[in-house]
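Engineer: Pasting a structure below so you can have a look.
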Amino acid sequence: MPVEFLGIAATNDGSETTARSGAAFDKEYTLRLARAHEDHGWDRVLFAYGSGSPDPAPAAAYIASRVDRLRILLAHRPNVSYPTYAAKTFATLDQISDGRLTVHFITGGNDHEQGREGDTLTKDERYARTGEYIRIVKKIWTTREPFDHEGEHYRFHDFVSDVFPAQQPRPAVSFGGSSPAAYAVGGAEADIYCLWGEPLEKTAQQIDAVKAAAEAAGRTDVPRIQVAFRPIIAPTEELAWEKAHRTLGAIHRRRGAAPARHPRGGVTQAAAPQNTGSQRLIAIAEAGERYDRALWTPTAAATGGAGNSNALVGTPETVAQALLDYYDLGVDVLSARGYDLLDDAVDFGRYVIPLVREEVAKRDAARAAAHPAADARRTVAAVRA
C-alpha cells in the first residue's frame, strides 16, 4: 500500500527546545518551512490549532497559493465556528489548493483549553458534537439542494452552499483520539485515524479498536491509520543518543524557564492531563524508557504527554526500519517532526524518507507477485481514498 509522510507547518520557529525568534505568525519562516518539506519528499504538512495561536485556515491558504505539490492537513475545532460556515471555508481552501486539502477535526481533550474560547461542554458532549459536525460538513460538501438540519447541537434550515471542494466527492476527513468515545466517532466518520507514537504492541491494539469501531458503525471499509513521532537522527547510534539527551535537557530547561502552560493547550506543568492519549503516553513512559527498535519515551514524560512527543532515536537506517515496523502493522501515514523544525525536516526528508519508500516499494512488489488479485483490489481502494 502507498505510504505518506506528514510534517508540520509551523507559523514560527519555536519548539519545545527553543523559544521563537519572532512573531507568532512569521510569514517568511512559514513559507521556508513549507518549501523545505515540498523540496525534500514530504507529502503533506499539518496546520495545527491552538486557542491563542494564529488561525490555521488563512495560514494554510497562504502556503497553498505558494507551493506546487505539498498537500495540507488543516486542524479544526468544531467549537470555533458553525458547520455551515466551516464547510464553505474548507471548500474554498480546497479550491485554492487545487484539491490538496484534508481536514483534521479536533474534539478537544482539556476543559480549560476549550473554555478559553467559550466551550463549556463535557468531553462526552464534545465528542457527540464533533460527530454531528463532521456529518453536516460532509453533507454540505456533497449536496446541491437546500436542506434542513435538526440535531442535538446544530439546527438550520434551507441551507445550500455555492462553493464546493475541488476534490470529488469531497476532501478526506482526519480524526484522532485514544478513548472509547474517540474510537466510536472516528471509526464511524474518519477516512484517516490518527494515533500518537506508542510501542508496537499498544499501537496494534489501538488499530484493532479503530477497526472494531468502524465495523460497529456499519462500515465496509476502515480508516487509514496515521502514527506520529519525534525523530532524533544522527550519522551514528552514539551521536543520535547524545543528541537525544541534549534534546531532553533543552526541553527541561525550556519548561523550567517558561510559564506553566502547554504551548498549544491549557495544561499547567503540575497538572495531570485530562485526555486519554496523554495519559497513555505518561503511563508508557513510567513503565520504561525504551521500546522496540528505537522508541524513546523521556521526551513525552518531560512534556507531560503533550501531544506528539515520543521519539524515535538512531541513525536514519534505524529510524527508517522502526517506521517500517509500524507500516507492517498497517500504518500508512507516518507523521514526524523534529525539534529544530526546519533543519530536521530537511534531514528527515533527505536521509529517512527515501529509505522507507524504497523498502515499501519492495514489500508492495513482493506482495503483488504473491497475491496479484488482492493487491489490485488494495490499489483501487487506495486510489479511491
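The values are calculated or read from the model by the stated rules, or taken from the named source; none is laboratory data. In this text, all values refer to a predicted model and were calculated from it rather than measured experimentally. Note that each Cβ is placed from the backbone with ideal geometry, even for glycine, and that neighbours are counted across all protein chains shown. Surface areas here come from the heavy atoms of the whole protein model, side chains and all, with no ligands, DNA or RNA. Shrake-Rupley method; radii C 1.70, N 1.55, O 1.52, S 1.80 Å.
Engineer: What is the extension gain from residue 150 to residue 117, computed as 0.36 nm multiplied by their sequence separation minus the C-alpha to C-alpha distance, in nm to one decimal? Write down the numbers at each step before the final one.
Structural biologist: Numbers: separation 33, 0.36 × 33 = 11.88 nm, distance 2.44 nm.
Here the answer is 9.4 nm.
Engineer: Now a separate question. Which residue fluctuates the most in the chain, going by a Gaussian network model with Cα springs under 10 Å, if the choices are 108, 249, 177?
Structural biologist: Per the Cα network of the chain with a 10 Å cutoff, 249 tops the list.
Engineer: Between exposed trypsin sites (Lys or Arg not before Pro) in the chain, where DSSP calls loop and at most 12 other Cβ atoms lie within 10 Å, what's the longest gap? Intermediate results must be reported in sequence, preceding the final value.
Structural biologist: Details: sites that count: 69, 144.
Answer - 145-385.
Engineer: Relative contact order for segment 1-135: what is it in percent, counting Cα pairs under 8 Å that are at least 6 residues apart? Display every interim value, and only then the final one.
Structural biologist: Values: 182 pairs, mean separation 26.4, N = 135.
Relative contact order, segment 1-135: 20 percent.
Engineer: Please report, as a whole percent, how much of the solvent-accessible surface of segment 69-219 comes from carbon and sulfur atoms (probe radius 1.4 Å).
Structural biologist: Working: 3080 of 6260 Å².
Percent of accessible area from carbon and sulfur atoms in segment 69-219: 49.
Engineer: Percent of Cα-Cα pairs per 20 Å bin, from 0 to the last occupied bin, for the chain, please list those.
Structural biologist: 28, 62, 10, 0
Engineer: Okay, moving on. Taking the Cα centre of segment 197-256 as the origin, how large is its charge dipole in debye, to the nearest 20, when only Lys and Arg (+1) and Asp and Glu (-1) carry charge on their Cβ atoms? Before the final figure, lay out each step's value.
Structural biologist: Numbers: 10 positive and 8 negative charges, 95 e Å.
Roughly 460 debye for segment 197-256.
Engineer: Go ahead and run the numbers for FRET between residue 287 and residue 317, Cβ-Cβ distance against an R0 of 30 Å, rounding to 0.05. Please report the intermediate quantities before stating the final value.
Structural biologist: Details: r = 27 Å, r/R0 = 0.91.
Computed FRET efficiency for residue 287 and residue 317 comes out at 0.65.
Engineer: With springs only between Cα atoms under 10 Å, which of 91, 365, 61 fluctuates most in a Gaussian network model of the chain?
Structural biologist: 365
Engineer: Excluding same-chain pairs closer than 8 in sequence, count the lysine pairs in the chain whose Cα atoms lie under 22 Å apart. Please report the intermediate quantities before stating the final value.
Structural biologist: Details: 88/138; 88/139; 138/211; 202/211.
For the chain, the number of qualifying lysine pairs is 4.
Engineer: What whole-number value in Å² describes the accessible area per residue of the chain for a 1.4 Å probe?
Structural biologist: Numbers: 16800 Å² over 385 residues.
Per residue, the chain has 44 Å² of solvent-accessible surface.
Engineer: Place a +1 charge on the Cβ of each Lys and Arg in the chain and a -1 charge on the Cβ of each Asp and Glu, then give the dipole magnitude about the Cα centre in debye, rounded to the nearest 20.
Structural biologist: Values: 45 positive and 50 negative charges, 57 e Å.
I would put it at about 280 debye.
Engineer: Let me have the relative contact order for the chain, percent, based on Cα pairs under 8 Å that are six or more residues apart. Display every interim value, and only then the final one.
Structural biologist: Numbers: 694 pairs, mean separation 73.3, N = 385.
Contact order relative to length: 19 percent.
Engineer: State the answer as a single residue: which of 87, 180, 245 lies farthest towards the positive end of the charge dipole of the chain, with beta carbon charges of +1 for Lys and Arg and -1 for Asp and Glu, about the Cα centre.
Structural biologist: Going by the charge dipole, the pick is 87.
Engineer: Now a separate question. I need the per residue convex hull volume for segment 1-158, using only the alpha carbons, in cubic angstrom as a whole number.
Structural biologist: Details: hull volume 22.7 nm³, N = 158.
Normalising the Cα hull of segment 1-158 by residue number yields 144 Å³.
Engineer: Hey, how many Å between the Cα centroid of segment 94-134 and the Cα centroid of segment 21-38?
Structural biologist: A separation of 25 Å, based on Cα centres.
Engineer: Between residue 364 and residue 216, with labels modelled 7 Å along Cα→Cβ, what's the label distance in nm to one decimal, could you check?
Structural biologist: Taking the two extended label points, one gets 3.3 nm.
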